[in-house]
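> Attaching a single structure in structure tokens format; questions to follow.
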Amino acid sequence: MAKMNRFFLIFVIMLWSFYNHAHDYYFAFAEVQYNQNTQKLEATVIATGHDIEEYLAHIGQPISKLENANNPIDLKVLQSLMDNHFQVVNQDGKKISMRLIAVEVNTKDEALFYMISQPMEKPKELHFTFDLLMHHFPEQQNKITIFEPSGKSYLSFMPHKTKRTFRLEDN
């Protein structure tokens, strides 16, 4: 009987440990590019789907499963999430509104948020705030990849450094 109790206790501890540490790291990524043809800034933000769902439930704004979140009510919640935690400002201090156009969840539980700006002249500088999920997951780290004709550049964001500036190439 003691062996059975010990086995059960070990099983419960392992299950609890797995539940509380579903993954050891928390990352979100964004890819940003100015499209010369459309004169729009395009961005894709990528985060772990269940982390987004958990955060939204935690702040009292639960949505249906992200896989089914392309309805107007859920898109409004997700647009607000992006507006608050992925912000882009130009060199004049004017916020660049990024409209959420679609959400997709791939087979790796990565939620992809596709966003686009209104047409504009190519900004000289972009000021980013990218603190998505950092208030909920203290170990959250985010990264932006910026695509330009000459190649890629990267910006890293940590809970103590949520704002970064990038100077775009002159064309």
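> Among the residues of the stretch 54-97, what is the count of those that are outside any loop (DSSP other than H, G, I, E, B), of a type in the set (D, E, K, R) and surrounded by fewer than 19 Cβ atoms within 10 Å (Cβ to Cβ)?
Matching residues across the stretch 54-97 total 5.
> Which of the residues that make up the stretch 135-162 are among the aliphatic types (A, V, I, L, M) and surrounded by fewer than 15 Cβ atoms within 10 Å (Cβ to Cβ)?
MET158
> I'd like the full set of residues that are within 17 Å of ALA47 (Cβ to Cβ), of a type in the set (Ser, Thr, Tyr) and in contact with a Leu (Cβ under 8 Å, 6 or more places away or on another chain), limited to the stretch 99-128.
Matches in the stretch 99-128: TYR114 only.
> Quick one: would you say PHE113 is at pLDDT 95 or above, closer than 20 Å to LEU66 by Cα and of a type in the set (Phe, Trp, Tyr)?
Against the criterion (at pLDDT 95 or above, closer than 20 Å to LEU66 by Cα and of a type in the set (Phe, Trp, Tyr)), PHE113 qualifies.
> Please go through the stretch 123-165 and pick out each residue that is touching a His at 6+ places or on another chain (Cβ under 8 Å) and within 13 Å of GLU31 (Cα to Cα).
Listed by number, the list holds a single entry, PHE130.
> Right, another one. Only one of (1) touching a residue at least 40 places away in the same chain (Cβ under 8 Å); (2) within 29 Å of LEU75 (Cβ to Cβ); (3) not hydroxyl-bearing (Ser, Thr, Tyr) is not met by GLU148, so which one is it?
(2)
> Filter the stretch 109-154 down to the residues that are part of a strand (DSSP E or B) and of a type in the set (A, V, I, L, M, F, W, C) and list them by number.
Step one: of the stretch 109-154, the residues part of a strand (DSSP E or B) are 110-116, 125-130, 140-148, 151-154.
The answer is ALA111, LEU112, PHE113, MET115, ILE116, LEU126, PHE128, PHE130, ILE144, ILE146, PHE147.
> Mind listing whichever residues of the stretch 63-74 are under 13 Å from LEU112 (Cα atoms) and of a type in the set (A, V, I, L, M)?
Selection gives LEU66, ALA69.
> Report yes if VAL105 is over 14 Å from the mean Cα position of the chain (by Cα) and buried (at least 16 other Cβ atoms within 10 Å of the Cβ), otherwise no.
no
> Restricting the search to the stretch 98-107, which residues are touching a Ser or Thr at 6+ places or on another chain (Cβ under 9 Å) and either part of a loop (DSSP other than H, G, I, E, B) or modelled with pLDDT under 95 (or both)? Let's see the steps before the verdict.
Step one: of the stretch 98-107, the residues touching a Ser or Thr at 6+ places or on another chain (Cβ under 9 Å) are 98-99.
Selection gives MET98 alone.
The values are calculated or read from the model by the stated rules, or taken from the named source; none is laboratory data. All of these numbers come straight from a predicted model, not from anything done at the bench. Don't worry about glycine lacking a Cβ; one is built from the backbone with ideal geometry, like all the others, and counts go over all protein chains shown.
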